[in-house]
Amino acid sequence: MENKQAGKKEEVEPDHSGGLVPNESLPNGAMSFKEEMGADFAYGMPVSKPSEKFRYEEESVHSEADSGAFALGWIALVFSIASLFLWPVLLAPTAMILGYMAYKQGARGLGGWSVAIGLLVLAIHFIITPIYYALVG
């Protein structure tokens, strides 16, 4: 620090008290602050972003995985609806398994509906149909 009157540099000793240090070179015995200013200066700094190349590669990988999950979900939904009319013992569990796989891969709506319809078809086939035949037949 330069003293304007004497033209000499003043050495500052390290402060271990945590902040205020008396400084004779300041007018009227003012106190100077010794604080870490890194947090204040870093507040307005821009955050670095990944390059555009990597961002597009990530999006394409995620879209391929999502499209595979949705395709599996649609296949499971077709199997579950077909199990209402054709081979319920075979198609309903297949639809439930495929629906669960689609659910775990990210197609939650299609997978959930496939599992629910498959369960409903199995319940109709194994519970309601025998009761119907017992009452009517």
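The values are calculated or read from the model by the stated rules, or taken from the named source; none is laboratory data. Quantities reported herein were computed from a predicted structural model and do not represent experimental measurements. Reconstructed Cβ throughout: ideal geometry from the backbone, glycine too, with neighbour counts over all protein chains shown.
Brief remarks on what is shown
- Test for M96: is it surrounded by fewer than 20 Cβ atoms within 10 Å (Cβ to Cβ) and either within 23 Å of G73 (Cα to Cα) or not acidic (D, E) (or both): no
- For F79, the stated conditions do not hold, so it cannot be described as at pLDDT below 85 and more than 27 Å from the chain's Cα centre (by Cα).
- Checking each residue in region 99-119 for being among the aliphatic types (A, V, I, L, M) and surrounded by 15 or more Cβ atoms within 10 Å (Cβ to Cβ) picks out M101, A102, A107, L110, V115, I117, L119.
- Filter pass, A82 being crowded, with 23+ Cβ neighbours inside 10 Å and either touching a residue at least 12 places away in the same chain (Cβ under 8 Å) or at negative phi (or both): no
- Residues that are of a type outside the set (S, T, N, Q), assigned to a helix (DSSP H, G or I) and either in contact (Cβ under 8 Å) with a residue 40 or more places away in the chain or under 19 Å from H125 (Cα atoms) (or both), drawn from region 85-98: P88, V89, L90, L91, A92, P93, A95, M96, I97
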